[in-house]
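Quick notes on the structure that follows.
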Amino acid sequence: MSNMKKYAAEFVGTFVLVLFACGVAAVTGCTAEANASYLITALAFGLVIVAMAHSIGNISGCHINPAVSLGVLLNGGMSVSDFIGYVIAQFLGATAGAAVLRGLIGTSYGLGTNGLYDGSVVKSLIIEIILTCVFVLAILGVTSKPENGKVAGLVIGGSLTLVHLLGIFFTGTSVNPARSFGPALLMGGDALANVWVFIVGPLAGGVLAAILWKLLGGKEAK
């Protein structure tokens, strides 16, 4: 598989994630209040992962998330050059997805951007580190055995739904620097000013997941 095909797959996957999942959050008016839109948004993020895992998983592994790619890199599952290519493709895909979403609905509904919990950078970083660690740890675990291939997409999608069920209340749930950057860039204002939190937090969570996986004696992700 050529590198460009893998990067193109990551671009497409992240594009779809932002357009559909962040789009669902925007058009349903998802907020921290527990209601139907809260649940629908959590499911949308998980379902996109399931769909993309079975669409591009055999091409790129369907990371569509720099934090996931970082965890895989640290676990020996990819090269540094591929990591850089993946991250660039993911950020470009997320930005393109947000641009299309903005072109369709404008900014009055929001674009599924993240926000600080209780106005606190520290609290927001903590929740994002925890959520991302759980998510990436699940990915490292389920992808460590080839025999899990048939269920990996469901497990990863279910894990992303799980972290959204808790995380939407706090920050809207990032766990993905690219997913946060694209909508923030197109929204501007406070969303863009605070987006660094949703880049640093998930990346730190990915590092923590890789460390925990090694400490727990997990096998290298394939």
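Since every read-out is calculated from the coordinates, none of them should be taken as a lab result. Just so we're clear, the structure is a prediction, and the values are computed from it rather than from any experiment. Here the Cβ is made from the backbone with ideal geometry for all residues, glycine too, and neighbour counts use every protein chain on show.
Numerical summary
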item: Sorted by Cβ neighbour density within 10 Å, fewest at the top, the residues F83, F91; result: F83, F91
item: Counted charge near F170, where neighbours are those whose Cβ lies closer than 14 Å (Asp, Glu -1; Lys, Arg +1); result: -2
item: Cβ-based exposure ranking for R179, R102, in which fewest neighbours within 10 Å come first; result: R102, R179
item: Separation in nanometres of the label points that stand 7 Å from Cα toward Cβ, at V100 and I88; result: 2.2 nm
item: Cα centre as origin, Lys/Arg/Asp/Glu Cβ charges: segment 3-215 dipole, Debye; result: 360 debye
item: Positive-end residue of N65, G217, I129, charge dipole of the chain with Cβ unit charges; result: G217
item: Modelled FRET efficiency - R0 25 Å, L166 with A36, Cβ distances, 0.05 increments; result: 0.90
item: Radius of gyration, Dmax [the chain; alpha carbons; angstrom]; result: 15.8, 48
item: Cut-off 13 Å, label 7 Å out along Cα→Cβ of Y109, residues of segment 155-191 by amide N; result: none
item: Cβ-Cβ FRET estimate between L215 and S144, R0 fixed at 22 Å, reported to 0.05; result: 0.95
item: Residue among G119, G77, G153 with the largest mean-square fluctuation in a Gaussian network model of the chain, springs linking Cα atoms under 10 Å; result: G119
item: Net charge, Y117 excluded, C-beta distance under 13 Å - Lys, Arg +1, Asp, Glu -1; result: -1
